[in-house]
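**Q** Dumping the structure here so I can ask a few things about it.
Every number here is computed from the coordinates shown, using simple stated rules; none is lab data. Given the structure is predicted, the values throughout are model-derived calculations rather than measurements. We place every Cβ from the backbone using ideal geometry, glycine too, and count neighbours over all the protein chains shown.
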């Protein structure tokens, strides 16, 4: 039986122990609903645990800038594992786990209109007992990505209906400026190649969430 959203809230709330901050990872393929779930969890936890009890830190803030992707010859593969600063992401997670006293930790975000990372956009206050981070490659064991899993208390894997995921991905690209045919071509060429790679990491998750446990259309933001 799939867990309910209340079940997920209770499980997330139980992660911080012994007075220390915990980090929950939400993994899954492009368009799986990771960001939507993370934002709904943080909203629900802050509604019951007190303001700023939980914080959302997306992995996407560690996209390499387009200028650097051009220099590396990787612009047409944007979204692949080697188009992120994985070592920088792991370093941020380590800093968040160390829970600096009375210090706000700033994380980068990803601006979807510009399709560029934005430094210092996500504040994590010292009151945050749980950090929810989400992204495609949290369970990847290649290169610097392998450091990430050890820094997460739990990782949940989003496994939506694949046809729905494909449609959401195309709709997202159209929303942010791509013509429909170009959006479909990009999803088939790039996003789906990355999705296959992400799917192979599913077995490393602590919890796999089927479509019935994931937020539906209209429940929250349409990215992730």
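**Q** Determine the calculated [θ] at 222 nm for the chain from helices alone, applying -39500 (n - 2.57) to every DSSP H run no shorter than 4 residues and normalising by the residue count; nearest 500 deg cm²/dmol.
**A** -10000 deg cm²/dmol
**Q** Now for a different question. Quick one: length gained pulling residue 202 to residue 171 fully straight, 0.36 nm per residue minus the C-alpha distance?
**A** 8.7 nm
**Q** Normalised by the residues of region 60-148, what does the relative contact order come to in percent, with Cα pairs under 8 Å and at least six apart?
**A** The value is 31 percent.
**Q** Length gain on complete extension for the stretch residue 4 to residue 74, per 0.36 nm per residue less the alpha carbon to alpha carbon distance?
**A** 21.2 nm
**Q** Go ahead and set up a Gaussian network model of the chain, Cα springs under 10 Å, then flag whichever of 61, 73, 44 fluctuates most.
**A** Ranking 61, 73, 44 by mean-square fluctuation puts 73 first.
**Q** Measuring from centroid to centroid over Cα atoms, what is the spacing of region 78-103 and region 4-74 in Å?
**A** Comparing the Cα centres of region 78-103 and region 4-74, I get a distance of 13 Å.
**Q** Angle check, please: helix 86-98 long axis (alpha carbons) against the longest principal axis of the chain (alpha carbons), in degrees 0 to 90, nearest 10.
**A** 10
**Q** Hey, with R₀ at 45 Å, roughly what FRET efficiency would residue 154 and residue 181 work out to, going by the Cβ-Cβ distance, to 0.05?
**A** 0.65
**Q** Could you grab the relative contact order for the chain? Cα pairs under 8 Å, six or more apart, rounded to a whole percent.
**A** This gives 35 percent for the chain.
**Q** Counting every Cα pair in region 64-168, what percent are over 23 Å apart?
**A** Distances greater than 23 Å cover 37 percent of the Cα pairs.
**Q** While we're here: Going by average Cβ neighbours within 10 Å, how do the peptides 18-29, 102-113 rank, with the highest at the top?
**A** 18-29, 102-113
**Q** Between 213, 150, 32, where does the largest GNM mean-square fluctuation fall for the chain, given springs only between Cα atoms within less than 10 Å?
**A** 150
**Q** Of 78, 34, how do they rank once you tally other Cβ atoms within 10 Å and put the fewest first?
**A** Going from least to most buried by this count: 78, 34.
**Q** Tell me, in nm to one decimal, what length is gained between residue 211 and residue 104 on full extension, where the rule is 0.36 nm per residue of separation less the Cα-Cα distance?
**A** Between residue 211 and residue 104, full extension yields 35.0 nm more.
**Q** Treat region 1-124 as a sphere of radius equal to its Kirkwood radius over Cα pairs and apply Stokes-Einstein at 10 °C in a medium of 1.306 mPa s; give the translational diffusion coefficient in µm²/s, rounded to a whole number.
**A** Result for D is 99 µm²/s.
**Q** Counting only DSSP beta bridges with both residues in the chain, what percent are antiparallel, rounded to the nearest 5?
**A** Of those bridges, close to 25 percent are antiparallel.
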